[in-house]
Amino acid sequence: MQIIHSSRIALFSLWLALLAPMTAFDSAQAESILTRNPAQLGALTSNVKPKAEQIMNTNTIDGIIVTVADEAVLLSELQSAVASESMRIKRKLTQVIPQGKLVGGDLSVEEAENILDQLINQKILSIRIRELGLNVADDELDGEVKSYLQSEGITEARFPEMLKSSGLTENSFREDFRRRIETQRFIGRIIRPLVSVTEDQVRGYYLAKNADKSKAMLVKLRSLMIEIPAGLSNEERQAKKRNIETVRKELDAGRPFVELVRMYSDAKDAIKTEGLLPPRPLSELPPKLSALLKGKTAPLVIGPIEIGLTFFFFEYLGNEMGDQKQYEKERSRYEAELLDFKFKERLDEYLKNERLKFKVNRRNFNISR
């Protein structure tokens, strides 16, 4: 199932729009039916039935092209979805004739197949929605539509005109709205609990999206240095080497790095700083060290590394943002993008599993140009 990602669309709105080929109704361009009474509002949802009899295909049985358990995807449903989606995306009308051929417009076979795939997914979801009792009753829908249109600041006078320009009827608008609410409820009940991101994941995603990662990411380290300067006696040199070997063995035994820093480091401020170094970009570290850290995850101890006349052990503590203020400013946007991606993964996984449970049977119906 192809799903187009957009970080500017709210999570639920994104998935509700892509779960099924909704009609091209732009809420910002719609007008209101606020003054209609409850009877009139309820009437908008009545008699909404697929018109399978209007177009038949010799390759289908009673206009059925796919069955999902006891649910049917009708030829007329595909025709309607293809037409509205082609107008929404391509702005040119593409139609499906009874033999499955696409006529007019520039919607591709692959895109039409994707629309059919989405219709199948919607059938699966509609079954699960009924089983979970998440259906929206007519009286509840009346209130939801009324509140929604009111929140958009829509007036009644232009509503029919706006619907007509979008190729919709009041019935189709309300049924699409019902389906969106039901799908949102389903996502909240089933998919949302499966989706979460940690602070480390958001930070990692932020770093991955920045072109210059070396400047965006700062490495946090502790160091333990043992100097072997020129001019030492052989006995002093051997003592230093024994210290290096002792540190290595103590680290292997699991002794805390900071304790060894206080005991063995030759740095003048070792006791005060406990070996903690100022964070710096990976690219500014000594090549030997940066090569060993590349692709690694904290916590990690590296060493001994010989740099000049000094041997170093390093404790890798992780990363922090080079520009923390910029990260905090953009964090919510990157978190939303990452959640969108996680939603797609979980939803795709759920639908794949559900298809294995349902008997999805496609009749001898091929889409072509």
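Summary table below
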read-out: Yes/no for residue 343 being modelled with pLDDT of 95 or more and either outside any helix (DSSP H, G or I) or crowded, with 17+ Cβ neighbours inside 10 Å (or both); value: no
read-out: Residues of the stretch 89-135 that turn out to be under 27 Å from the mean Cα position of the chain (by Cα) and surrounded by 13 or more Cβ atoms within 10 Å (Cβ to Cβ), as a count; value: 27
read-out: Qualifying residues in the stretch 59-82 (those that are at pLDDT below 90 and assigned to a strand (DSSP E or B)) - the one surrounded by the fewest Cβ atoms within 10 Å (Cβ to Cβ); value: 61
read-out: Scan of the stretch 97-109 for residues that are over 9 Å from residue 367 (Cβ atoms) and not hydroxyl-bearing (Ser, Thr, Tyr), ordered by number; value: 97, 98, 99, 103, 104, 105, 106, 107
read-out: Output for the stretch 148-158, where each listed residue is out of contact with any Ser or Thr (no Cβ under 6 Å at 6 or more places or on another chain) and surrounded by 16 or more Cβ atoms within 10 Å (Cβ to Cβ); value: 148
read-out: Residues of the stretch 314-342 satisfying the condition of being assigned by TED's automatic domain parsing to the domain that holds residue 270 and among the aromatic types (Phe, Trp, Tyr); value: 314, 316
read-out: Hits in the stretch 203-239 (condition: farther than 24 Å from residue 267 by Cβ and at pLDDT 90 or above); value: 234
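The values are calculated or read from the model by the stated rules, or taken from the named source; none is laboratory data. None of these values were measured; they are calculated from a predicted model. Cβ sites come from the backbone with ideal geometry, for glycine too, and all protein chains shown count toward neighbours.
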